Amino acid sequence: QVQLVESGGGLVQAGGSLRLSCAAFGSIFSSNTMGWYRQAPGKQRELVAYRTSGGFTHYADSVKGRFTISRDNAKNTMYLQMNSLKPEDTAVYLCNLVANSVYTWGQGTQVTVSS
């Protein structure tokens, strides 16, 4: 069983930066995809970015050029560097891992961007 633990959320002013981390523990298939989703109050959960174990990345249009997803496969850890943050980036950010058709979610970390 896989467990995901996120960290790095917090309160930041608009234009600032935060770095989120997601550490995966347990038995993990070598071929997998890790990603970040976010959910703001009253809104649906949306994909922010994902990165495959082979290095392919995808970003939501709303974060392209501002956010960077990276992975350290040896440490089973994923990062999300968030720059030029906007108030509309405020949400709970959740880490996700997909391996062998099994979806695993982290508990989420709050990101709040003040104007």
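Quick one: is Ser27 under 13 Å from Leu97 (Cα atoms) and outside any strand (DSSP E or B)? So Ser27 fits the description; yes. The single condition from (1) in contact with a Phe, Trp or Tyr (Cβ under 8 Å, 6 or more places away or on another chain); (2) modelled with pLDDT under 95 that Ala74 fails is (1). Here Arg19 clears all of (1) open to solvent by 80 Å² or more (accessible area, probe 1.4 Å); (2) touching a Gly at 6+ places or on another chain (Cβ under 9 Å); (3) without any contact (Cβ under 8 Å) to a residue 60 or more places away in the chain except the condition numbered (3).
So for the stretch 35-53 (the condition being outside any strand (DSSP E or B), aromatic (Phe, Trp, Tyr) and open to solvent by 50 Å² or more (accessible area, probe 1.4 Å)), does at least one residue qualify? Lay out the reasoning, then the answer.
Looking only at the stretch 35-53, we keep the residues that are outside any strand (DSSP E or B), and these are 40-45, 53.
Applying the additional criterion that residues be aromatic (Phe, Trp, Tyr) yields none.
No: the stretch 35-53 contains no residue that is outside any strand (DSSP E or B), aromatic (Phe, Trp, Tyr) and open to solvent by 50 Å² or more (accessible area, probe 1.4 Å).
Out of Val12, Val98, which single residue is aliphatic (A, V, I, L, M) and either within 10 Å of the chain's Cα centre (by Cα) or at pLDDT below 95 (or both)? Talk me through it step by step, then tell me what you get.
Numbers: Val12 fails: either within 10 Å of the chain's Cα centre (by Cα) or at pLDDT below 95 (or both).
Just one listed residue meets the conditions, Val98.
Tally the residues that are small (Gly, Ala, Ser) and either assigned to a strand (DSSP E or B) or under 15 Å from Ser7 (Cα atoms) (or both), restricting the search to the stretch 54-100.
Summing the residues that are small (Gly, Ala, Ser) and either assigned to a strand (DSSP E or B) or under 15 Å from Ser7 (Cα atoms) (or both) in the stretch 54-100 gives 3.
Taking the conditions exactly as written (in contact (Cβ under 8 Å) with a residue 24 or more places away in the chain and under 23 Å from Gln110 (Cβ atoms)), does Asn83 satisfy them or not? Against the criterion (in contact (Cβ under 8 Å) with a residue 24 or more places away in the chain and under 23 Å from Gln110 (Cβ atoms)), Asn83 qualifies.
Restrict the check to the stretch 63-86 and report whether at least one residue is over 13 Å from the mean Cα position of the chain (by Cα), among the hydrophobic types (A, V, I, L, M, F, W, C), open to solvent by 70 Å² or more (accessible area, probe 1.4 Å) and farther than 30 Å from Ser115 by Cα. Even if it seems obvious, please write down each step before you answer.
So in the stretch 63-86, the residues over 13 Å from the mean Cα position of the chain (by Cα) come out as 64-66, 72-76, 83-86.
From what is left, the residues that are among the hydrophobic types (A, V, I, L, M, F, W, C) are 74, 85.
Applying the additional criterion that residues be open to solvent by 70 Å² or more (accessible area, probe 1.4 Å) yields 74.
Of the ones still in play, those that are also farther than 30 Å from Ser115 by Cα are 74.
Yes - at least one qualifying residue is present in the stretch 63-86.
State whether one or more residues within the stretch 15-24 are over 12 Å from the mean Cα position of the chain (by Cα), under 17 Å from Gly108 (Cβ atoms), charged (D, E, K, R) and modelled with pLDDT of 95 or more.
Scanning the stretch 15-24 turns up no residue that is over 12 Å from the mean Cα position of the chain (by Cα), under 17 Å from Gly108 (Cβ atoms), charged (D, E, K, R) and modelled with pLDDT of 95 or more.
The values are calculated or read from the model by the stated rules, or taken from the named source; none is laboratory data. This one's a predicted model, so the numbers in the text were calculated from it and none came from an experiment. For neighbour counting, all protein chains shown are included, and Cβ atoms are generated from backbone atoms with ideal geometry for every residue, glycine included. Heavy atoms of the whole protein, side chains included, go into the accessibility calculation; ligands, DNA and RNA do not. Shrake-Rupley method; radii C 1.70, N 1.55, O 1.52, S 1.80 Å.
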